[in-house]
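See below for the structure under consideration.
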Amino acid sequence: MSRIGVFVCHCGENIAATVDPAKVAEAASKMPGVVHAVDYKYMCSDPGQNLIKQAIKEKKLTGVVVAACSPRMHEPTFRNAAAEAGLNPFLCEMANIREQCSWVHEKSEFTTQKAIELVAIMVEKVKRNKPLFPIKVPITKTALVLGGGIAGIQASLDIANAGHKVILVEKSPSIGGHMAQLSETFPTLDCSQCILTPRMVEVARHPNITLYTYSELESVSGFIGNFKVRIRKKARGIDEKLCTGCGICSQKCPQKKIPSEFDAGLGKRPAIYVPFPQAVPNKPVIDRAACTYYKKGKCRVCEKFCEKKAIRLDQQDEIIEAEVGAIVAATGFDIKGADFFPEYGYGKYPDVITGLQFERLASASGPTLGAIKRPSDGKTPETVVFIACAGSRDPAKGIDYCSKICCMYTAKHAMLYKHKVHGGQAYVFYMDIRAGGKMYEEFVRRAIEEDGVKYIRGRVSRIYEEDGKLVVKGADSLLGGEPLEIKADLVVLATAIVANADAEELAQKLKVSYDPYHFLSEAHPKLRPVETNTAGIFLAGAVQAPKDIPETVAQASGAAAKVAALFSSAELSREPVIAVVNRQPPPVLSTCTGCFLCEKACPYQAIEREEIRDRKGNLLKVVAKVNPGLCQGCGTCVALCRVKAIDLQGFTNEQVLAEVLAL
Amino acid sequence: MSEFEPKIIAFVCNWCTYAGADLTGTSRIKYASNVRIVRLPCTGRIDFMLLLKAFDQGADGIIVSGCHPGDCHYTAGNFHARRRWMVFRQLLDFLGIDLRRIHFAWISAAEGGKFAEFVNQVTGEIKKLGPYQSYQKAMSAGIE
């Protein structure tokens, strides 16, 4: 016989304003099986929880229904309270009379009646609840970090320093990411490479970090603590063990005119190349799309000159399989490309460049060795126009969001230009100046007041070439939208930050959700910013949203702390909401007919085959069996099973049917 | 009770629509109080016999809602639900069940407003259709 206790919460005024809790409690006390029903102002408070604990002990309750907020809010709270009073936590259920009743309806009898019915549904369900016990699964204490930019580097180092193994996978031939391309960083004007490269080296020689560059994630299976991943190590074309990184191959390569990705297309590189001098690892890679040997079948110059005989032109991609317990996605961002700005002539006029290209111009390691020279003729530009919000905050371009870092780096660019070209004039077209951050506003002020950068509030409508000058047509909205023309030598677009082209594919591989712009979604925008909705997968850096370096580093360290916390225990306790195939005790039988439709439907490959044999060892039948480690509890198999041999703990057929019957 | 107040039962998944309905609450968006939500882990879990049971219990309308295609917390549960529904609705049609009383939707955890709109829309439509008495009649006639 069930002995159910019903506890109705007022949630201050939140519930009590539209629902009459006393009436709900009174109605509940008359429901069959209910032996105790009370209402209280704040059920989740200490005294409120004590009410529940006391009742469980005194009235010997076999089930508890808390009519309060959403179970997504306080189910763990009340289940813990029940457990402390000695009741199995899975015998406690919540009726959602706040989010789905009191907050969405006006004060009326109907609303109170609805609350009563919601309680009745849960009472009927909880009567059929069975004690469940958490599932323990072991944890593989190795983390996979995807992306070797500053986010991935920071996360890897933090996890590795906590004493855990890390596999760091980077798509390009070297780690470093976008930060390695930057000249100086705002607001301190620290040299980007000077602060980054020591960390890159630390990654390479850390005993806990295994680094796979020029590699990509192929597939992921499994679940938190027990992921199985496949990594494709693309053929570099060299034997990394033999190669000393002497660079003779790059010097001798006859192909020298390939646009360098690292220099954002402003510099050139050979077909066998190291992306930049400080690359980690400092080993070349053969660009097969550009290499003469792969195009025409002959050349092999690099092979001839390599003293260590390290060139492997016939090398194949390699698949590496690994088991990891957690994954940090830190794959970063991309910027909008040429075809996006026809009105600005990007791609048409060589002197209209992106912010990233300007970084390379200003960088001491860049194609001009840090001198600001325009790409078309190598002259020092006398007038430079910087356009902020090139694509960002522009619904017409499909990018509604603010790219966040452009205001700051535009101020930095203008400042760097003024520092390098003293007589030059810098103009910045902006919509708003968003300089929230420590020392950020002061930095922008400095650009305007000390370095004399002219800020014009307004948008640029068009750029065209006239007499060797780029005519920038805009309007000054602070002067009543007065049209304005500036003849510039160089135009720099603060292009919108967008998600990587393959971000959606990555999200699907990781089974995490993503927003309309393909940035991966965090589990909660305020309180769980580094976790995803898939347990064991964390986010760091601009893969989640545009952000600057300090924020990225903070999030990466946050993700690393989450991973370290996960790895701090030997096993993981999981909610036992999983499917089970019914099996009667001896004679060992099952109503399962072995059709294995469930096997096909299961998205987690959690259905296994089990043989039932008699004492002599004769095979009686083959039935389905659920692997409790793999099952995530979606219940697709349950709805599918023709003979109802499979059921979902916590949402059994009996429970759900009882809920419907209670209506 | 002068006006007919239909009884509507919503079978929703825990991750998208239930969370979306919670968001409706958090945003204090008002909607018709006729709906009763039954929470399931996934729309893939919904045994469509439950829909018939709900009509049997006097429901006048039914809502089934889960994550948008591609966003299922369990990868593909909503696709299973959709596929099952395609097959099941033909059977229901054959049996003479009023298909206008069953509403399918994809409502994500971020679409609190859409949930309220959808509930109001369904409630309005069911109100126009009136109480589902023909189901009860069919049942009492012994067709099951």
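Values computed for the structure shown
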read-out	value
Descending semi-axes in whole angstrom, ellipsoid equivalent of region A:624-663, from the Cα gyration tensor	21, 12, 7
Using alpha-carbon coordinates, inclination of helix A:46-58 to the longest axis of chain A, degrees	30 degrees
Distance (nanometres) between label positions extended 7 Å along Cα→Cβ at A:C246 and A:A396	5.8 nm
Listed residues A:Q584, A:V34, A:Y440: farthest to the positive end of the dipole of the protein assembly as shown (Cβ charges)	A:Q584
Ordering of A:307-320, B:41-54, A:617-630 by burial proxy (mean other Cβ atoms within 10 Å per residue, highest first)	B:41-54, A:617-630, A:307-320
Per-residue mean of C-beta atoms belonging to partner chains within 10 Å, peptide A:651-660	5
Whole-number percent relative contact order across chain A, with pairs defined as alpha carbons under 8 Å at least 6 apart	13 percent
Cα point-scatterer Debye curve for region A:334-429, base-10 log of I(q)/I(0) at q = 0.25 Å⁻¹	-1.50
Order of B:H80, A:H74 under a 10 Å beta carbon neighbour criterion, fewest first	A:H74, B:H80
Rg(Cα)/(2.2 N^0.38 Å) for region A:486-533, N = residue count	1.71
Region A:206-322, dipole about Cα centre (Lys/Arg Cβ +1, Asp/Glu Cβ -1), debye to the nearest 20	580 debye
Positive-end residue of B:Q136, B:V12, B:I97, charge dipole of region B:8-137 with Cβ unit charges	B:Q136
For region A:433-553, diffusion coefficient by Stokes-Einstein and Kirkwood Rh (Cα), 10 °C, 1.306 mPa s, µm²/s	88 µm²/s
Per-residue average of Cβ from other chains inside 10 Å of A:507-514	3
With eigenvalues of the C-alpha gyration tensor scaled by 5 and rooted, region A:1-99, Å	19, 15, 11
Magnitude of the charge dipole, the protein assembly as shown, Cβ model with Lys/Arg +1 and Asp/Glu -1, debye to 20	2140 debye
Residue-span extension gain [A:A204 to A:E482] - 0.36 nm each, minus C-alpha spacing	94.5 nm
B:I102 long-range amide H proximity, modeled H, under 5 Å	B:I62
Equivalent ellipsoid, region B:8-137 (semi-axes from 5 times Cα gyration tensor eigenvalues, Å)	23, 19, 11
Hull volume in cubic angstrom per residue (convex hull over the Cα atoms of region A:553-608)	142 Å³
Charge sum, other residues only, whose C-beta stays under 12 Å from A:K438's C-beta, Lys/Arg counted +1 and Asp/Glu -1	-4
Taking N as its residue count, the alpha carbon Rg of chain A over 2.2 N^0.38 Å	1.21
For region A:139-240: span of alpha carbons on each principal axis (Å, largest first)	44, 35, 21
Förster radius 25 Å - calculated FRET efficiency between A:A364 and A:M439, Cβ distance, rounded to 0.05	0.60
Degrees separating the helix A:71-84 axis from the principal Cα axis of chain A, which is the longest one	50 degrees
Unit charges on C-beta of K, R, D, E only; dipole of region B:8-137, Debye	120 debye
J(HN,Hα) series, region A:308-313, from Karplus relation 6.51 cos²θ - 1.76 cosθ + 1.60, nearest Hz, glycine and proline x	8, 6, 9, 6, 10, 5
Selection from A:L619, A:L640, A:Y604 lying farthest towards where the dipole of region A:595-651 points positive, charges on Cβ	A:L619
Convex hull of region A:204-276 built on C-alpha atoms - directionally averaged projected area, nm²	7.2 nm²
Cα-Cα separations in region A:553-649 greater than 17 Å, expressed as whole percent	59 percent
Nearest 10 degrees, 0 to 90: helix A:549-567 Cα axis against chain A principal axis	40 degrees
Distance in nm between pseudo-label sites at A:R230 and A:K348 (7 Å out along the Cβ direction from Cα)	4.6 nm
Highest average packing first - A:633-646, A:244-257, Cβ atoms within 10 Å	A:633-646, A:244-257
Average beta-carbon neighbours from other chains, 10 Å sphere, peptide A:625-636	5
Above-threshold pairs, the threshold being 19 Å between Cα atoms, out of A:K57/A:K114; A:K241/A:K283; A:K114/B:K30; A:K252/A:K304; B:K7/B:K137	A:K57/A:K114
Per-peptide average of other Cβ atoms within 10 Å, ordering A:543-552, A:193-202 highest first	A:543-552, A:193-202
Pair-distance profile P(r), taking every C-alpha pair of region A:278-333, with 10 angstrom steps and integer %	15, 34, 29, 18, 4
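Read the figures in this text as sums done on the coordinates, not as results from a lab. Note that the structure is predicted; figures quoted are calculated from it, not measured. Don't worry about glycine lacking a Cβ; one is built from the backbone with ideal geometry, like all the others, and counts go over all protein chains shown.
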